[in-house]
Amino acid sequence: MKRIRLLFQGDSLTDGDRDRSDIHNLGNSYPKYVAAMLREKYPDVELELVNLGIGGDRTDSLLARADADFVEVDADIISILVGVNDVWNRYDFKIPNTDEVIESNYRTLLQKLKQETHAKIMLIQPYTVGYAQAYIREEMLRVHAIVKRLADEYADAYLPIDDCFWSRDEAPEYFTRDGVHPTENGARFMAEHYVECISPLIDSILN
């Protein structure tokens, strides 16, 4: 049986209140539903799914733990969803992280992953759905452009999940509790798009 190790990385949207004492505990966000969908789709593959997302993390947080929580995990595929806190914390905690700082942090992390791991990389567009103030939304759109640019340079797959949310007609509260943290419906919706996006990477490894 072929084996694939998939690493979920990011902030609270990935963390999902997981049990951090167990790296295989996937929490209650989209990784939980991704696991079920992937195991149904790939019944003959031994999928080891590792969730190391931490609520509140920013790009600098992921960069600071790059060795222990990225490189040493030795995953075949790494997916990353981060960026919302980089913007929110400018206002919540007065952290002066500019767009340039965000891009520099993320780029440095991705360069390290390309140099020190064999993993295929999937970047996920950070999102806000419905409740963000106009100025927050404007800043998030700039971060989207940064993530897309970095995905074009470094990633093997890119999931524009914000675009997917905004293409739907459902009310924001159908997908998120507060504009960011997903409801069960939102987590399942994310998982469906995640599986569609990551499957070509899994197929390329298997073949």
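Test of understanding: among 59, 14, which residue is over 17 Å from residue 186 (Cβ atoms), modelled with pLDDT of 95 or more and within 12 Å of the chain's Cα centre (by Cα)?
Exactly one residue qualifies, and that residue is 59.
Just to verify a result, which residue in the stretch 24-60, among those that are out of contact with any helix residue (DSSP H, G or I) (no Cβ under 7 Å at 6 or more places or on another chain) and open to solvent by less than 10 Å² (accessible area, probe 1.4 Å), is farthest from residue 202 (Cα to Cα)?
Among those that are out of contact with any helix residue (DSSP H, G or I) (no Cβ under 7 Å at 6 or more places or on another chain) and open to solvent by less than 10 Å² (accessible area, probe 1.4 Å), it is 50.
Go through the stretch 1-23 and give me each residue that's on the phi < 0 side of the Ramachandran plot, open to solvent by less than 90 Å² (accessible area, probe 1.4 Å) and not hydrophobic (A, V, I, L, M, F, W, C).
If the condition is that a residue be on the phi < 0 side of the Ramachandran plot, open to solvent by less than 90 Å² (accessible area, probe 1.4 Å) and not hydrophobic (A, V, I, L, M, F, W, C), then 5, 9, 11, 12, 14, 15, 18, 19, 22 are the ones that fit.
In the stretch 63-77, how many residues are farther than 16 Å from residue 15 by Cβ and basic (Lys, Arg)?
So the answer is 0.
Any idea which residue in the stretch 61-80 is farthest from residue 126 (Cα to Cα), counting only those that are open to solvent by less than 30 Å² (accessible area, probe 1.4 Å) and among the β-branched types (Val, Ile, Thr)?
Residue satisfying both the conditions and the ranking: 73.
Yes or no: the stretch 103-118 includes at least one residue that is touching a Pro at 6+ places or on another chain (Cβ under 6 Å) and not hydrophobic (A, V, I, L, M, F, W, C).
There is no residue in the stretch 103-118 that is touching a Pro at 6+ places or on another chain (Cβ under 6 Å) and not hydrophobic (A, V, I, L, M, F, W, C).
When the residues of the stretch 103-136 are filtered to those that are among the hydroxyl-bearing types (Ser, Thr, Tyr) and closer than 17 Å to residue 66 by Cβ, which remaining residue is nearest to the chain's Cα centre (by Cα)?
For the stretch 103-136, the residue satisfying everything is 106.
For residues that are assigned to a loop (DSSP other than H, G, I, E, B) and modelled with pLDDT of 95 or more, scanning just the stretch 81-93, find the one that is surrounded by the fewest Cβ atoms within 10 Å (Cβ to Cβ).
83
The values are calculated or read from the model by the stated rules, or taken from the named source; none is laboratory data. Source: prediction; values computed, not measured. Cβ atoms come from the backbone with ideal geometry, glycine included; neighbour counts cover every protein chain shown. The protein model used for the area step is the full one, side chains on, heavy atoms only, and it has no ligands, DNA or RNA in it. Shrake-Rupley method; radii C 1.70, N 1.55, O 1.52, S 1.80 Å.
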